[in-house]
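Worksheet: one structure, shown below.
The values are calculated or read from the model by the stated rules, or taken from the named source; none is laboratory data. These numbers come from a predicted model, not from an experiment. Cβ placement follows ideal geometry from the backbone for every residue including glycine, while neighbour counts extend to all protein chains displayed. Ligands, DNA and RNA are excluded from the accessible area calculation, which covers all protein heavy atoms including side chains. Shrake-Rupley method; radii C 1.70, N 1.55, O 1.52, S 1.80 Å.
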Amino acid sequence: MEEYEEKLKGYMMGKNMNAEHLHFDQICHSVQEAANAAGANPDDLVKNICMVNNEGDLIVAIVKGEDRASTSRVGKALKIERPRTATEKEILEKTGYPCGGVPSFGYKATFIIDPKVMEKEFVYTGGGSEYSLVRITSRELIEINNGLVFRVRK
């Protein structure tokens, strides 16, 4: 797992990102586990829901930890047919990170950020493995990804 974290830290340093990589001794797979590890409120966490369009391109919907992403809303936002949820294998192949540790940046995808995420100054996202998180400003999420802001939560 450390190879994924090291890859992500290298990306962050190379882009001179205003973000902090955090490694924990406990697992951060669920929103509650991640909040406990970081000493944060579950409301401060985001999830990256990976989807694939008809051409096989990756779309990442970034929603608050308590929200669910809607494939139909993503399709409408991008004016495409409804994408499908990516498989664990596709997530690893297309993001370069395992499911449960996928960051909100650092790979080729169309990133859509729900407006509720933008209400927070800082959020916690996947840090490359199930044992890490990245603390990042919501503004940086838009800038680093050329992210689009659309309501994609259910």
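Tabulated results
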quantity	calculated
Single residue of 140, 130, 81, 90 found to be in contact with a strand residue (DSSP E or B) (Cβ under 9 Å, 6 or more places away or on another chain), of a type outside the set (A, V, I, L, M) and either part of a loop (DSSP other than H, G, I, E, B) or more than 19 Å from residue 20 (Cβ to Cβ) (or both)	90
Members of segment 79-92 that are aliphatic (A, V, I, L, M) and either farther than 20 Å from residue 105 by Cα or open to solvent by 20 Å² or more (accessible area, probe 1.4 Å) (or both)	80, 92
Hey, residue 117 in contact with a helix residue (DSSP H, G or I) (Cβ under 7 Å, 6 or more places away or on another chain), open to solvent by less than 30 Å² (accessible area, probe 1.4 Å) and under 25 Å from residue 26 (Cβ atoms) or not	yes
Among the candidates 122, 111, 150, residue that is of a type in the set (Phe, Trp, Tyr) and open to solvent by less than 50 Å² (accessible area, probe 1.4 Å)	111
